[in-house]
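Student: Dropping the structure in here first, questions after.
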Amino acid sequence: MNANPILLQKKYARVVALFAKENNISLEKALDVFYHSELYKLMSEGVSDMHCMSDEYLVQELEEERKNTK
């Protein structure tokens, strides 16, 4: 089952804002990192119900992905 598109957009916004805050980067940079991540791809495709995970968990996943791709 796919997430409601409106709720998914709100989830993206919360994850991006928390990622920006925790990494002391601009929202624009955080948005760029998020939309070019594998995490975004998985969430947008509804894989593994990633959208059901907590915002904090998703930020940790995004941070791990970012570390591993540098």
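The values are calculated or read from the model by the stated rules, or taken from the named source; none is laboratory data. Computed from a prediction, not measured in an experiment: that's the story for all the values here. So basically every Cβ, Gly included, is an ideal-geometry build from the backbone, and we count neighbours across all protein chains shown.
Student: If you check residue 49 against the conditions, is it loosely packed, with under 13 Cβ neighbours inside 10 Å and either in contact with a Leu (Cβ under 8 Å, 6 or more places away or on another chain) or modelled with pLDDT under 95 (or both)? Spell out the reasoning first.
Tutor: Values: loosely packed, with under 13 Cβ neighbours inside 10 Å: yes; either in contact with a Leu (Cβ under 8 Å, 6 or more places away or on another chain) or modelled with pLDDT under 95 (or both): yes.
Here the answer is yes, as residue 49 does meet what is asked.
Student: Here's a check for you: in segment 15-37, which residue that is surrounded by 13 or more Cβ atoms within 10 Å (Cβ to Cβ) and of a type in the set (D, E, K, R) is nearest to residue 64 (Cα to Cα)?
Tutor: Step by step, filter segment 15-37, then rank; the result is 22.
Student: Here's a follow-up. Of the conditions (1) without any contact (Cβ under 8 Å) to a residue 40 or more places away in the chain; (2) β-branched (Val, Ile, Thr); (3) surrounded by 11 or more Cβ atoms within 10 Å (Cβ to Cβ), residue 6 fails just one. Which one is it?
Tutor: Only one criterion is unmet by residue 6, namely (3).
Student: Quickly run through segment 44-70 and pick out the residues that are without any contact (Cβ under 8 Å) to a residue 12 or more places away in the chain, under 22 Å from residue 6 (Cβ atoms) and of a type in the set (S, T, N, Q).
Tutor: 48, 54
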